[in-house]
1. Of the numbered conditions (1) under 14 Å from the mean Cα position of the chain (by Cα); (2) in a loop (DSSP other than H, G, I, E, B), ARG55 satisfies every one except a single condition; which is it?
2. In the list VAL16, VAL5, which residue meets the criterion of being exposed (fewer than 11 other Cβ atoms within 10 Å of the Cβ), under 22 Å from ILE123 (Cα atoms), without any contact (Cβ under 8 Å) to a residue 60 or more places away in the chain and over 22 Å from the mean Cα position of the chain (by Cα)?
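Every number here is computed from the coordinates shown, using simple stated rules; none is lab data. Please read these numbers as outputs of a predicted model, since none were measured by experiment. Every residue, glycine as well, gets a Cβ built from its backbone with ideal geometry; the counts of neighbours run over all protein chains shown.
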Amino acid sequence: MENHVTSVTHVIQLAVAPVFLLTAIATLISSVNVRLGRVVDRQRALQGLGPFIPRSDAALAQLRELALLSRRAHLCYLAMLAAVLAGLFICLVVAMAFVGVLLEVDLAKVLAALFLLAMVSMITSLSLFLREVYVAVSARERVIAVAEAQSAGTAADAQGGPASP
């Protein structure tokens, strides 16, 4: 009985690190969820503007932005899915560690495989999160560049000549 209590105590000590990892995963899910919420809010705002004249510049710009927002929402969803899977795998690692001790079964290979799957899921989630941030930032830079080009063109038209480089 003494050995069994010692074994369970040891598993509890080993389970602390994966529990901290769960906290990090929950924080990542929360961050992605906030970004997804902002994307959805922007989509709703654009859709609430009403219909534009077909094939106008404003309609094309709205369609491009809606397509970009849809891509960002999809990336957020996939990042969240991968993070949730990582969390589930970590929970399975902790649960299987206790099962192994209580049933006195060697589950070392199963635990290693589950932890490896958790790490692959976490890497996937972080990669998708980074990709979504990149898409958002690069789209913003493109919008700024277009606005600067248009303002330079407008200034040149006002002066009556071509825009200077």
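1. Going through (1) under 14 Å from the mean Cα position of the chain (by Cα); (2) in a loop (DSSP other than H, G, I, E, B) one by one, ARG55 breaks only (1).
2. Criteria check complete, one pass: VAL16.
Per-residue answers, yes or no, for (1) buried (at least 16 other Cβ atoms within 10 Å of the Cβ); (2) in contact (Cβ under 8 Å) with a residue 12 or more places away in the chain:
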site: GLN43; (1), (2): yes, yes
site: LEU49; (1), (2): no, yes
site: LEU60; (1), (2): no, no
site: PHE89; (1), (2): yes, yes
